[in-house]
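Written below as structure tokens is the structure these notes are about.
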Amino acid sequence: MFTMPQGIDLLFLHKIFFPGDASRGGQSVTQQAMEAQRALLPYALCAFAVGLPIFVWAGSHAPNTGWIVLPLMAFAIAWGGFYGIVSWLREPQAQVLSTQVRVQLLGGLQWACAIAAITAFAEGAGPMRAPLLIMAAAAAVVCVFFTAAWLPSLAIVAPAAAAAPLAAATLGPPSPELTGLVWGAIALSFALALILNRALRRQFALAAERETLIAERARSEAESRRLAQSKSDLVATLSHEIRNGLAGVAHVLAAAAGRSGRQAPSREQLCAALDAANDLVAVLNTALDSETAETGGLSVDIHPFDAAGLARDIVLLNRPTAAGKGLEIALHVDPELAEGAARADPTRVRQILVNLIGNALKFTVRGRVEVRVILAEAGRLAIEVADTGPGLSPDELERAFEAFNRIERTSAGVPGAGLGLSLSLRLARLMGGELSAHSAVGVGSCFRLDLPFDPDARLAPLPTEASDAGPVAAPDERQSFRILIAEDDALNAAMLRSILEQLGHHVVHAIDGRRAVDLAKVCDFDLMMIDGRMPSLDGPAAMAEIRALPGPAGRTPIVAVICGDAEEAAECIQAGANVVLRKPVTVSAVARAVADARAPQADAARRQTA
């Protein structure tokens, strides 16, 4: 009995017989061909049922009538097998295509065996040989027609069914009329079947392409709805946070201006207003990063860095906050981390840790926060942030990682957009890491950041983080730079100039990109900060012209100051910007951008000195 090899599958047969359709949704085309062939099975049974009485009548007049039982048995087996196949196709397991291939081919080959038995009976039928042989050829023609829907079946079952009648007509007693009739009928049936198969394949390919387009359209619509919902949640969240933050700031400013009829605001009120403004800036920055991640515009710069040193810096920066709330904050570093380095984007890792440690301090009322940097396993480093806060239930912990989802039980009265953890999770996975957590209500929470670790890596300098309280040292020996800022908005230019001068730098202001290029040609600057969108000559065009200048002017570090759009950031980087700084700017962000932009030149200077 014929059996298909266990490893064969539908796609394999499909590629062998007509590989051109594979690129047009091959498996879907084949599925349609199989369904068309299954739809013809009942009609095939009817055709053989009509021919059975004729065969029995003709066989009863043959001298070897007793041997008719053999083709009848083969006919009964094939009939029963096909009836079983028709019933089996209604079962759930029949949906496996590779199984359908083996079953349908095996059923077709059973009919080929029945035709061979009829042909063998006809060879000993004496004067009834010709009519019986014509019946066998007619049965072969029926097999050819009913296998035309699927090319592998036409290529395997149809030749097997036609082989016996053709061999008998060719090798048996000479009869040119009979031989020509058998060969002509079967050849014509094959030609028509191939034409029909080609036409059906075209229809199946068009239907498969239509299904693909419908599926793609459904996916696009679902993605559009998801993005629309994300933007709606973003607007709703920002509206709430901006309204609350600006209301507090406006109240304090009104008191300072004497419009409330009361005395000037106290230092505590001013500090509260400053905290509200800083929280508002943090929410906006997180929202912009989250929206950039939603559109796939986030990028990371992965290289070795000192994760323990980075965690130590962030813990030191948060000690005053912890002390103000009466909390203890501690750092534990695994001694095995004396060598090697984590491989990730240190700026993004800092962003994640600032969020995790900030959340721990924000939601913990009493107790301690502990940061642990450990070597989790071979090739992996873990940074854990554990606290003694309110803790989360499993359901709350799962919802905490969803965008715009805040846990009301723990976050009531605490500012935030509900984006920090979801953004941190995206960033961790973008760097080849993972962010996980476990928690218990009333006990506390522990968030764990896993990152790739290379024990043989060489350390790269850590990105500096400036404090809003004062300037941050530059990465090289010089503390004061000559900086050109190109900004058409007077308020933004004044703010940026004030921050740079606070950091100890000398500033020259250009009102547009064209003026910036002209100044770059005649003046020596240590750094340029160029707005991404300006009249006359926009930021990317100005950066490209500066990069084309000969000599040191064309190699001057450039910081692109943008409004947070991922496409704008990509344009500036492509035009030659070293660092991207988003508005609204802060002292710490400007100091870090200056340090990052100047870092390559500082490293080159140190190498030349050495």
> Using the 10 angstrom Cβ neighbour count as an exposure proxy, how do THR147, THR556 rank, fewest first?
Replying inline: THR556, THR147
> Rounded, prolate or oblate: which one fits the range 328-378, using the alpha carbon gyration tensor with axes a ≥ b ≥ c (rounded when a/c is under 1.5, else prolate when a/b beats b/c, else oblate)?
Replying inline: oblate
> What order do you get for CYS563, CYS446, CYS572, CYS46 when you list them from fewest to most C-beta neighbours inside 10 Å?
Replying inline: CYS46, CYS563, CYS446, CYS572
> Using 1/(1 + (r/R0)^6) with R0 = 25 angstrom and r between the beta carbons of HIS332 and VAL443, what's the FRET efficiency to the nearest 0.05?
Replying inline: 0.85
> Is the range 477-584 best put as rounded, prolate or oblate by its Cα gyration tensor, with a ≥ b ≥ c the root eigenvalues, rounded for a/c under 1.5, and otherwise prolate when a/b is larger than b/c, oblate when not?
Replying inline: rounded
> How long are the three semi-axes of the equivalent ellipsoid for the range 303-454, computed from the Cα gyration tensor as the root of 5 times each eigenvalue, in whole Å, largest first?
Replying inline: 24, 18, 13
> How large is the charge dipole for the range 303-454, taken about the Cα centre, if only the Cβ atoms of Lys, Arg (+1) and Asp, Glu (-1) carry charge, to the nearest 20 debye?
Replying inline: 540 debye
>> Check which residues have an amide H placed less than 5 Å from ARG533's amide H, if you skip close sequence neighbours.
In response: GLY539
> Rounded to the nearest 0.05, what FRET efficiency do SER98 and SER224 have when you use their Cβ-Cβ distance and R0 = 30 Å?
Replying inline: 0.25
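Where a number appears in this text, it was derived from the coordinates with a stated rule and is not lab data. Since we're looking at a predicted model, the values are computed, not measured. Cβ atoms come from the backbone with ideal geometry, glycine included; neighbour counts cover every protein chain shown.
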